[in-house]
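Asks: Have a look at this one before I ask anything.
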Amino acid sequence: MRRMTDRHSRLRDRIALGVVAVTAVALFTVGSTAAQPSRAGAACTKITFWAWVPGIDRAVKAFNQSHPSICVTLSDVGAGSPEYTKLTQALKAGSGAPDVAEVEYDELPSFELTKDVLDLTQYGVNSVKGTFVPWAWKQVSLGSGVYALPGDAGPMAFYYNSKALDQYKVKVPTTWAEFSSEALALHKAHPGVYLSNFSPTDLQLLMALMAQAGAWPFQYTGGSKVTIDWTGPKQTAFANFWQKLIDAHAVNPTTDVSTTQFANMDRGVDIGWTSSAWWPSYFAPDVKKTMGDWRASALPQWKAGEDIAANWGGSAYPVFKQSQHPKEATEFATWLNATMDSWNITKTAPSLLFPTFKPLLDSPSFKNFTVSVSGSSHPYEIFGAAASKAPIVEWPPFMTEALADAPTAFAPVQNGKETLAAAFKKFQDTLVSYAKSQGFDVSTGGTS
Amino acid sequence: MSTLAIRRPAVRSRRSSWAQRRDRRGLWFVVPFTLLFLAFLAAPLGYAAYESLFRDQLIGGRSYVGLANYHAALHDGTFWSGVWHVALFGAIQIPLMLAIAFFFAAIFDLGVARFGPFWRAIFFLPFAVPAVVASVMWNFLLEPSFGPFTHFAGFLGFPNTDFFSPGLIWPTIVVIVIWEWTGYNMIILYTALRSVPRSVVEAAVLDGASLFKVITRVKLPMVRPAIVMLVFLNVIGALQLFVEPQILGDFYPTAISNHFTPTIYIYNQGIAGQEYGIASATAVMLAIVIIFISASVLLLTRWRRHA
Amino acid sequence: MKRPRPDRSARYDEEVVPLRLYGLGRGTVVGLTALCALFAIFTLIPIVWIAINSTKTQANLLGSFGFWFASPFRFFHNFGMLFQNVDGEGIYFRWFLNTALYAIAGGVGATLFATLAGYGFARFHFRGSTALFYFVIAALLVPVTAIAYPLYLVYSRIGLINSIWGMILPSMVAPVGVYLMKTFIEASVPRELIDAARVDGAGEIKIFYRLALPLMKPGLMTVLLISIVAVWNNYFLPFIIFSQNRIFPLTVGIGVWATRAQNAGDERVFPLIVMGGLVTIIPLMLIFLVIQKYWKSGMLVGAVVE
């Protein structure tokens, strides 16, 4: 009896094993053959490119078609921090880094410090210097060297639900003082509605606003000296301004760019948002009720009549030291960022990048660009005006660490357990101790 | 054929050289695994231990610091708070989950509920779900403004429940981990229970033992080895908790700090902060803590058995 | 001799002590069954959720009731997207094939090596075997985050970065498998049987293959299942060692989508994540249902009994 079951099951197992083996071999063959677009004539120079911009594969494809001698392979290895950690890991280990990668402006200095990015002036990039807005070119330069091609930017504006503002009789604020009083009044009259959210855990947004307020907390121009100042008078004033609104529940303490926030915006809980040029397009897929109602207006100013812009993020495209073909890599990066051919692709959905490339920025059709959530209005007029006036900022070379620390440092503020000024002090201490442990010569104070 | 000894000889020196040679052939069975083990587990471990004696700085590069990193890890308050968190987490989650798992395993084994195989198949399904997917699913279910569970909580009289608020985040993770692992633990306990000889159970029942007594006095002791193994595995899993908070932290950065669990702390130190030396030292420190806690738990169960 | 009865519902299984002997009434049975149903509902909620919501558009995902459908019904559209390279962010279907490859190769390899090693530890007593065994088990205690970067470094030296073997080979190292096989073999492959065969002059390999292996089958199936699942669900290792999108397994790919959805604000991928999650878990669930029968009648005898 048992023998029969044994033989039976032995046969079945052999069949199963056979199936598994065949499947494994098949999968192995499929999996190991690179499913790259096979190019006739493998004489093209291979370039690897890491980026996460949605739809940038269209630009890569266009480049490959128009430049048959270069084959660029795109790989999305994660947006932001995951990509940077992979980059630093590969650069430190000595192999595995791509030729070109998308690196945000705030992360570029850390790669400049470790000398992992090449000075592209040797490949002639200065010839395109004039086609970019000056502050963007400055962001990618260090001394006389240029270490990346500027890509997109995120000039900021105040984005609001026009129907809701009319309904609640809120004036569009032109100064932060107006913003504050409108927010407080709105909350008093309608406790469940907010003029905007405020999420200090998003460090990039926080620092963009601080830059506009003249409260930039870092000084760094390369080398080992860095100044970290989150507790100076300007920084504290900035913190107190927002703390007043947080305490009065006049701003909604929800995490920025989260499903919660987008749902709030669509349902009329949040009727405004200090946002950058590219967020509205990301907001669109979540919109059902307020489609077409959103308008942009210039970011409120600290002093009436001033015209200081703010920039939230944006990426540059450096070439790495490990690259075997730096000349071709530079050619690709230049094409990607300094040609209308490329921008005509990346300005459209789903990429919807906002350019630092002047020819596009200044073109009339660009100013008349519409996005679905904004109906027939032209938000790019506002954003475009801001794009050329962003303040010039100095990023320290440890933003990965700062960005990783920020949510932890500022979560208590969002949860109402700590004031922003107190969190600034704690964050300062964290960054100072980190910088010191990394061997920097740290000074505090005197940035304003 | 002459009767063979059932138990192996008590005195080692009496073993014949033939037996020794034969036993050495056993080495060959173990060699393939051991080679892979050394190459892919032991070697990186050794390298990590080596790394822990150095410090990498953005300015100044690499330098030998001896045990300074260990000193720093030992005195690192954030690390120990993370250890405390996961220890507390484990102390609550593991007994709770094992109790539930054992309860159902016993029920199915005794056949006192209907449709046993059907329930068992369902309970085991979460094992098929990778932690990444589970975290995404639970993220949507518990989403503070539109999640079904949030609505349900409101319905029950708790409006505006934020499952990811500082007060609720740990219970939320407990629930998620219980969801993921109860079925697996239950199946192991169930098969262990099934191997208990019927005769023992029948004897107890005929002696007048109630259902409860049968479960606790007869079955429970006989599956103690399985329980010990599960406790061991679960303790290690709890102390190394990483994926669920990491993914949830992507959705709710305010809920998960960068030192939420020790492994997240190590990850942030080493990979985000590029302090590989300190991260390695912290990891070694964590391994020591895990050994200590696992050993204590195992000793505790052994002591209870002899009591 | 009669063939053994297949283990059907416990209610009619004669091996179970009759309920009346426990003094239980029908009420208790109904109550206990209800408890099972409650826990089953708890277990199924996320799975049902993901099945229903894989049919929704982005806006509906956030806006409509979680446990019922909403129009438009986009199941096939979402499913079709899994085969496309959406916005250059990677092709789900390729990740699926990758995962299957890694899981089957890694799982089969892990089972093979664990079985060999378990047999070696169980039935042979060479010098240092106990120490080696405990050393292997102790390796479980080290958090994998600790070896992530060193592993990357080792790989970069020997050229295993972005190689499928970099994923498959470490997956074949399964200390848990070795432990399980060792305990299982100790209990289910009698020493006497092996000794008798040895005395009869059979070679060790033949003994292993002909005699021991058939007896180990239930344990083997268990370890195979656990290994395949472990590799299928592995996130951290491939996350560290892979930087080419096209060789990602599903876990890393979905993770990339998820972080993009948060960090880059591109929430268009949410329907993809949900649909992708659904397709990720279905194959394993099917495997479970198939392997179920190996667990009836408590075939894991010995694996857990002293």
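The values are calculated or read from the model by the stated rules, or taken from the named source; none is laboratory data. For clarity, every value in this text was computed on a predicted model and none was experimentally measured. Cβ coordinates were reconstructed from backbone atoms using ideal geometry, including for glycine residues, and neighbour counts include every protein chain displayed. Areas reflect the complete protein model, heavy atoms only, side chains present, ligands, DNA and RNA absent. Shrake-Rupley method; radii C 1.70, N 1.55, O 1.52, S 1.80 Å.
Asks: If you put +1 on each Lys and Arg Cβ and -1 on each Asp and Glu Cβ, how big is the dipole of the range A:312-439 around its Cα centre, in Debye rounded to 20? Can you show the working numbers first?
Replies: Details: 10 positive and 10 negative charges, 34 e Å.
So the dipole magnitude of the range A:312-439 works out to roughly 160 debye.
Asks: List the trypsin sites (Lys or Arg not before Pro) within the range A:233-269 that fall in a DSSP loop (any state other than H, G, I, E or B) and whose Cβ has at most 15 other Cβ atoms within 10 Å.
Replies: Passing both the DSSP loop test and the Cβ count: no residue.
Asks: Going by accessible area, probe 1.4 Å, with all protein chains left in place, what is the ranking of A:Glu328, B:Glu202, largest first?
Replies: Result of the area sort, largest leading: B:Glu202, A:Glu328.
Asks: For B:Leu300, C:Leu278, write out the residues from largest to smallest accessible area, computed with a 1.4 angstrom probe and no ligands counted. Before the final figure, lay out each step's value.
Replies: Numbers: B:Leu300 105, C:Leu278 20 Å².
In descending accessible area the options line up as B:Leu300, C:Leu278.
Asks: Separate question: Once the dipole of chain B is set up with Lys and Arg at +1 and Asp and Glu at -1 on Cβ about the Cα centre, which of B:Leu239, B:Ala72, B:Ile264 lies farthest towards its positive end?
Replies: Highest projection toward the positive end goes to B:Leu239.
Asks: Right, next: Rolling a 1.4 angstrom probe over the protein heavy atoms, how many square angstrom per residue are accessible across chain A?
Replies: 38 Å²
Asks: So, one more: Students often forget the sequence filter, so: which lysines lie under 28 Å Cα-Cα from A:Lys86 once same-chain residues fewer than 8 apart are removed?
Replies: Partners found: A:Lys46, A:Lys61, A:Lys115, A:Lys138, A:Lys225, A:Lys321, A:Lys327, A:Lys347, A:Lys436.
Asks: For chains B and C, what's the summed buried accessible area, probe 1.4 Å, to the nearest 100 square angstrom?
Replies: Interface area, both chains combined: 10000 Å², rounded to the nearest 100.
Asks: So for chain A: antiparallel DSSP bridges make up what percent, rounded to the nearest 5? All intermediate terms of the calculation are to be shown ahead of the outcome.
Replies: Details: 23 of 37 bridges.
Antiparallel: roughly 60 percent of the beta bridges in chain A.
Asks: Quick one: putting +1 on the C-beta of Lys and Arg, -1 on the C-beta of Asp and Glu, what dipole do you get for the protein assembly as shown around its Cα centre, in Debye to the nearest 20?
Replies: In debye, rounded to 20, the protein assembly as shown gives about 5200.
Asks: Count the DSSP beta bridges whose two residues both fall in the protein assembly as shown, then state the antiparallel fraction as a percent rounded to the nearest 5.
Replies: Counting DSSP beta bridges with both partners in the protein assembly as shown, the antiparallel share is about 65 percent.
Asks: Within 10 Å of each Cβ of C:234-243, how many other protein chain Cβ atoms are there on average?
Replies: Counting other chains' Cβ atoms within 10 Å and averaging over C:234-243 gives 5.
Asks: With a ≥ b ≥ c the root eigenvalues of the C-alpha gyration tensor of the range C:62-196, is it rounded (a/c under 1.5), prolate (a/b larger than b/c) or oblate?
Replies: Prolate, because a/c is 1.5 or more and a/b exceeds b/c.
Asks: Just the accessible area for B:Glu244, please: 1.4 Å probe, Å², rounded to the nearest 10?
Replies: Solvent-accessible area, nearest 10 Å²: 20 Å².
Asks: Then there's this: Other chains' Cβ within 10 Å of C:101-107 residues: what's the mean?
Replies: Across the residues of C:101-107, the mean count of other-chain Cβ atoms within 10 Å is 4.
Asks: Tell me, what HN-Hα J-couplings in whole Hz come from the Karplus equation 6.51 cos²θ - 1.76 cosθ + 1.60 at θ = phi - 60° for each residue of the range A:108-124, using x for Gly and Pro?
Replies: Values per residue, Gly and Pro as x: 4, x, 5, 7, 5, 4, 7, 6, 8, 10, 8, 6, 7, 4, 5, 9, x Hz.
Asks: Sticking with this one: Can you spot the lysines whose alpha carbon is less than 30 Å from B:Lys213's alpha carbon? Ignore those fewer than 8 places along the same chain.
Replies: Correct list for B:Lys213: C:Lys296.
Asks: To the nearest whole number, what is the average tally of beta carbon atoms from other chains within 10 Å of the beta carbons of peptide A:239-249?
Replies: Working: counts 0, 0, 0, 0, 0, 0, 0, 0, 0, 0, 0.
Mean shielding by partner chains, rounded to a whole number: 0.
Asks: So in the protein assembly as shown, which Cys have no other cysteine's beta-carbon sitting under 4.7 angstrom from theirs?
Replies: Lacking a cysteine Cβ partner under 4.7 Å: C:Cys36.
Asks: Explain nothing, just compute: Karplus ³J(HN,Hα) = 6.51 cos²θ - 1.76 cosθ + 1.60, θ = phi - 60°, for every residue of the range B:121-126 in order, whole Hz, x for Gly and Pro.
Replies: 4, 5, 4, 7, 3, x
Asks: Using a probe radius of 1.4 Å on protein heavy atoms only, what is the accessible area buried between chains A and C, both sides summed, to the nearest 100 Å²?
Replies: 4200 Å²
Asks: Give the carbon-plus-sulfur fraction of the accessible surface of the protein assembly as shown in %, rounded to a whole number; probe 1.4 Å, heavy atoms of protein chains only.
Replies: 64 percent
Asks: Okay, moving on. Could you please state, rounded to a whole Å, how far the C-alpha centre of the range C:194-261 is from the C-alpha centre of the range B:68-97?
Replies: Here the answer is 31 Å between Cα centres.
Asks: Now a separate question. Can you sort A:Ser376, B:Ser52, B:Ser210 by 1.4 Å-probe accessible area, starting with the largest? Each step should come with its number before you reach the end.
Replies: Details: A:Ser376 95, B:Ser52 0, B:Ser210 55 Å².
Descending accessible area places them as A:Ser376, B:Ser210, B:Ser52.
Asks: Let me ask another. For a quick check of understanding: with a 1.4 angstrom probe and all protein chains in place, what accessible area in square angstrom does B:Lys213 have, to the nearest ten?
Replies: So the heavy atoms of B:Lys213 present about 100 Å² to solvent.
Asks: Report, in debye and to the nearest 20, how large the dipole of the range A:140-228 comes out about its Cα centre when Lys and Arg carry +1 and Asp and Glu carry -1 on their Cβ. Could you put the intermediate results ahead of the total?
Replies: On the way: 5 positive and 5 negative charges, 30 e Å.
It works out to roughly 140 debye.
Asks: Got a number for the accessible area of C:Ile158? Probe 1.4 Å, square angstrom, nearest 10.
Replies: Accessible area, nearest 10 Å²: 110 Å².
Asks: Give a residue-ordered list of calculated ³J(HN,Hα) values for the range C:106-114 (Karplus: 6.51 cos²θ - 1.76 cosθ + 1.60, θ = phi - 60°; whole Hz; x for Gly, Pro).
Replies: x, x, 5, x, 4, 5, 4, 5, 5
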